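Reading through the structure tokens given below for one structure.
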Amino acid sequence: MKSRYQTRFGVLVVVTSITLSACATNKNLQPSESTTTGGGGFDLADTNHDGKLSRDEASDFLVNEIFNSRDANHDGQLTAKEWAGDDPGRLNDFKKRDANHDGVVTKEEAIAYGRAHGIANKIMKEADKNHDGKLDREEVKAYYASREGPLQ
């Protein structure tokens with residue numbers, strides 16, 4: 001059963017994904033019971049296992065989740081059709097990410113774009129309350145709680 005935080009995070013991911021012109025997944029940076037460690041997306045994003053998320057770790061995690069959900073044939077690159085679907089309005093966003101203009105967005109191009117322009121930059125500014133350049137579990141929990149309002 002999903003917690004209220006997981007459900008509301010799904011809504012945030014959808015909004016974020018629309019902003020990023022991609023689709024959402026059900027994984028998130030917020031700790032949860034969805035992994036064997038109980039750390040959820042936080043543990044998956046914390047690639048160096050130091051208990052904190054750098055801006056790049058947070059960005060890379062979010063980009064990978066979105067990229068993998070769009071990469072229909074799992075070849076590590078997105079075509080304009082995979083990116084935009086039937087929405088021609090998303091083609092401009094595709095072109096921004098296609099750094100070498102070869103008609104595909106590789107995961108590397110998506111990660112580079114996400115690090116420079118992605119939503120993780122905004123999340124870090126808002127959530128990093130101790131201004132150490134990283135997010136610990138409590139900062140992540142507080143950030144998502146502030147987006148959800150009080151528990152009912």
Inset, instruction - Considering (1) farther than 27 Å from residue 135 by Cβ; (2) in contact with an Asp or Glu (Cβ under 6 Å, 6 or more places away or on another chain), say which one residue 95 fails and leave the rest. - result: (2)
Inset, instruction - Looking only at the stretch 73-91, decide whether some residue is assigned to a helix (DSSP H, G or I), open to solvent by 30 Å² or more (accessible area, probe 1.4 Å), at negative phi and touching a residue at least 40 places away in the same chain (Cβ under 8 Å). - result: yes
Legend entry - From the options 67, 9, residue that is buried (at least 20 other Cβ atoms within 10 Å of the Cβ), at pLDDT below 50, in a helix (DSSP H, G or I) and of a type in the set (A, V, I, L, M, F, W, C): 9
Inset, instruction - Check 50, 43 and return the single one that is part of a loop (DSSP other than H, G, I, E, B), modelled with pLDDT of 50 or more and among the acidic types (Asp, Glu). - result: 50
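The values are calculated or read from the model by the stated rules, or taken from the named source; none is laboratory data. All values derive from a computational prediction rather than experimental measurement. Positions of Cβ are backbone-derived with ideal geometry, glycine not excepted, and every protein chain shown enters the neighbour counts. Side chains included, ligands, DNA and RNA excluded: accessible areas come from the protein's heavy atoms. Shrake-Rupley method; radii C 1.70, N 1.55, O 1.52, S 1.80 Å.
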